[in-house]
Amino acid sequence: VLHLPAYSVAVAPLATTTYGLLGDAGTRGTAVTMDASSTSVLQDFGVEEFCALVRTVRPAVLFCNREEADLLGAGPRGPVAGAALTVVKDGPRPTVLVLADGRARSVPVPPVAEVRETTGAGDPAAPGFLASRPDGRDALAATAGGHALAARTLASPGATLAPAGAPSHEEPSA
């Protein structure tokens, strides 16, 4: 999988390298995923230009948060055109998965027992999702993997990861 944050296409010289990697990915049949990165990056790059890039690249997954989704015209009412799956993260509110045909599924975010840091909490959702979906199929299980990695980040100061196995989600009461 080649994962492309919008940051990587927004400015040279990184954009030149990114477009080269995209070409290589196409030649090799490598799956590509994208992340909208931030509303300011999208606005600086150009919202229409980014949407055109998504239509050209046709990523298997496009990750965005609620604000980015609103800017791109995506969410429960529809996907970003060109993406096979649009994943809309919204903090502690449910993550929305929108397929290319417009069907949407809402996935609850488990509560986190102790939140120590919110900076960068959404960033681990993409690698957690991708690592939990090596075959490209089960998006619901992959979303749970993204939530778990984000929960570990929330439980650690400084946008780092809590040690694996450390409690991060609230345990249900008996």
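If a residue counts only when it is crowded, with 17+ Cβ neighbours inside 10 Å and more than 11 Å from the chain's Cα centre (by Cα), which strands (runs of 3 or more DSSP E) contained entirely in region 27-94 have at least 2 such residues?
Passing ranges: none, list empty.
In the list 84, 100, 52, 60, which residue meets the criterion of being within 17 Å of residue 140 (Cα to Cα) and out of contact with any Ser or Thr (no Cβ under 9 Å at 6 or more places or on another chain)?
Of the residues listed, the single one that is within 17 Å of residue 140 (Cα to Cα) and out of contact with any Ser or Thr (no Cβ under 9 Å at 6 or more places or on another chain) is 84.
Among the residues of region 113-132, write down those that are touching a strand residue (DSSP E or B) at 6+ places or on another chain (Cβ under 8 Å), open to solvent by 30 Å² or more (accessible area, probe 1.4 Å) and under 15 Å from residue 66 (Cβ atoms).
Once the filter is applied, which keeps residues that are touching a strand residue (DSSP E or B) at 6+ places or on another chain (Cβ under 8 Å), open to solvent by 30 Å² or more (accessible area, probe 1.4 Å) and under 15 Å from residue 66 (Cβ atoms), region 113-132 yields only 122.
Might you check whether a residue that is assigned to a strand (DSSP E or B), out of contact with any Leu (no Cβ under 8 Å at 6 or more places or on another chain) and over 24 Å from residue 11 (Cβ atoms) occurs anywhere in region 111-128?
The answer is no, given that none of the residues of region 111-128 is assigned to a strand (DSSP E or B), out of contact with any Leu (no Cβ under 8 Å at 6 or more places or on another chain) and over 24 Å from residue 11 (Cβ atoms).
The values are calculated or read from the model by the stated rules, or taken from the named source; none is laboratory data. Quick caveat: nothing in here was measured; it's all calculated off a predicted structure. Note: ideal-geometry Cβ built from the backbone for every residue, glycine included; neighbour counts use all protein chains shown. Note: areas computed on protein heavy atoms with side chains; ligands, DNA, RNA excluded. Shrake-Rupley method; radii C 1.70, N 1.55, O 1.52, S 1.80 Å.
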